[in-house]
């Protein structure tokens, strides 16, 4: 029995540009990218209103939001699976086992994280920003926009955290995507598959590629931050 | 804000393009992890895909779930190995036209020293009974897969209800179970194909019992019933099944080798 950890050989294979690996990297990137975009569109407004609002039930809403962050990915996968399967409410759309199904699931994962980070950023901002903007004649929406500009570093952290969660998760991608070679196989489902085949070195090499991809994305976001 | 919204719309439209641009038909097949991991599908599918300008999307899960996907109409056909469940699937009206595809066989794996003495058994059931008596580690799939179904049949034939600390229900795929049994230096029931793929470098377990009619593992293909699920691509699924059980498909299956050893057999030989 040779050591299954001939990592060097596996990495060489991947760097040589295995088309399956390239496809998996691309699928991971664009599904996670779409999910974090949609998740931010949903999460940022929720975070802002919870961060600014002084309404009854706010504390309960924040607690619920915190709890949603702990939602296991397979549970999100199961819930949406039930909706998207042919027997489910949205069955006729035929979305199960498509990239779009993964994007939907990962959006649900990302939104609470983005909302929470946004909430923290907004709550920590100077409380006079919004009233000041509004006395200067800005509308409510415009005032909120000024506030978001002010806390943009916090928002970036929100997006980075959400992106990290969705590109690293395997439960939703596996259940809703089905790990179909060429369409819904992502980095993480490929790692799970290689592990199940006992190809530990290849799985580990894929893991390193995933980390490298995440590094590039974060370097890019870091650049944005310093502009 | 407006430009952001329009950018989003454009982005989402782009996302749907890859599927819209490829007008080729799509056929979905659920199958078992052992079939997918054997590598056979990579050479069995492309000739058909080219000829009919279609894509066959393979979803590899345990046999139980593969059939469930067929029941729900989430796939167009299933390729599995658990004859009693397959017959139930057809009898309940979920599938039509079950065809014999190929077969391989199960093998009982164990440590080279074989402390339970499974090699001396006359039948597979007796080999399991010896392991149970010796209370040596046995790793079960425990996932309602075809292999798990076969294992339960064998325990029943052995007149045993496996229970106790020695009996490990992994709830994982064939590969994980072989690895787990290797780590524990225990026993496991595996399909020959996966064992072949693993014995080179991933396990030092050996076959301690093989052959015998009870270890035969027949695979079937079944089209999902179009009367129950009108959206399935029944005509293409039937064309594919005809290809699989026809001369060309059967030849590819019979000629398939890993490290010079055949993995699957057709009924002709």
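Need one number: % antiparallel among DSSP beta bridges in chain B, to the nearest 5.
Details: 22 of 38 bridges.
In chain B, approximately 60 percent of DSSP beta bridges are antiparallel ones.
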*To the nearest 10 degrees, how steeply does helix B:124-134 sit against the main Cα axis of chain B, on a 0 to 90 scale?*
60
*Per the Debye formula with a single identical scatterer at each Cα and no solvent contribution, what log10 I(q)/I(0) holds for the range A:1-135 at q = 0.09, 0.13 Å⁻¹?*
-0.45, -0.77
*Once you average over the residues of B:40-46, how many Cβ atoms of partner chains fall within 10 Å of each Cβ?*
0
*For chain B, what does -39500 (n - 2.57) per DSSP helix run (n ≥ 4), summed and divided by total residues, give at 222 nm, in deg cm²/dmol to the nearest 500?*
-12500 deg cm²/dmol
*Could you work out how far the C-alpha centroid of the range A:65-93 sits from that of the range A:143-206, in angstrom?*
17
*Averaged over peptide A:194-205, how many Cβ atoms belonging to another chain are found within 10 Å of each residue's Cβ?*
4
*Using a simple spin-label model with points 7 Å from Cα along the Cα→Cβ vector, what separation in nm is obtained for residue A:23 and residue A:134?*
5.4
*How high is the relative contact order of chain B, given as a whole-number percent (alpha carbon pairs under 8 Å, six or more residues apart)?*
26
_Helix-only mean residue ellipticity at 222 nm for chain A, each DSSP H run of n ≥ 4 adding -39500 (n - 2.57), per residue, nearest 500_ = -24000 deg cm²/dmol
*Measuring from label point to label point, each 7 Å out along Cα→Cβ, what is the residue B:255 to residue B:133 span in nm?*
4.8
*At what distance in angstrom do the alpha carbon centres of the range B:150-222 and the range B:56-71 lie from each other?*
21
*Counting every Cα pair in chain B, what percent are over 22 Å apart?*
60
*asked:* Let's test the formula: R0 of 60 Å, r as the Cβ-Cβ distance of residue B:207 and residue A:216. What FRET efficiency results, to the nearest 0.05?
replied: 0.80
*Between the helical axis of A:73-84 and the dominant principal axis of chain A, each derived from Cα atoms, what acute angle in degrees is found, rounded to the nearest 10?*
90
*Given labels modelled 7 Å from the Cα in the Cβ direction, how far is it in nm from residue A:69 to residue B:157?*
5.5
_Just to be sure I understand: of the beta bridges DSSP finds with both ends in the protein assembly as shown, what percent are antiparallel, rounded to 5?_
60
*On a 0 to 90° scale, report how tilted helix A:140-150 is relative to the longest principal axis of chain A, with both axes built from alpha carbons and the result rounded to the nearest 10.*
60
*asked:* Given R₀ = 51 Å, what would the calculated FRET efficiency be for residue B:248 paired with residue A:225, taking r from the Cβ atoms and rounding to 0.05?
replied: 0.30
*Along the three principal axes, how long is the protein assembly as shown when you take its alpha carbons, biggest first, rounded to the nearest angstrom?*
91, 50, 47
*Taking only Cα atoms of the range B:12-146, radius of gyration then Dmax in Å*: 20.0, 65
*Could you work out, residue by residue across B:56-63, how many beta carbons of other chains sit within 10 Å of that residue's beta carbon, and then give the average as an integer?*
4
*How do the peptides A:115-125, B:250-260 rank, highest first, by the average count of neighbouring beta carbon atoms within 10 Å per residue?*
A:115-125, B:250-260
*Can you give me the P(r) profile for the range B:105-215? Cα pairs, bins 5 angstrom wide beginning at 0, each as a whole percent.*
2, 14, 26, 29, 21, 6, 1, 0
_D (Stokes-Einstein, µm²/s), Kirkwood Cα radius, the range B:82-140, 1.567 mPa s at 4 °C_ = 91
*asked:* So if I restrict to the alpha-carbon atoms in the range B:161-269, what is the Rg, and what is Dmax, the biggest pairwise distance, in Å?
replied: 18.4, 50
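Note down the relative contact order for the range A:15-225 as a percent, whole number, built from C-alpha pairs under 8 angstrom at least six residues apart.
The value is 30 percent.
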*Semi-axes of the equivalent ellipsoid of chain A: what are they in whole Å, largest first, if each equals the square root of 5 times a C-alpha gyration tensor eigenvalue?*
37, 22, 14
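State the antiparallel share, in %, of DSSP beta bridges confined to the range B:105-215, rounding to the nearest 5.
Around 60 percent antiparallel, to the nearest 5.
Rule-based calculations on the coordinates, nothing more; no lab input. This structure is a prediction, so every number in the text was calculated from the model and none was measured. Using ideal geometry, Cβ is built from the backbone for each residue, glycine included, and neighbour counts are taken over all protein chains shown.
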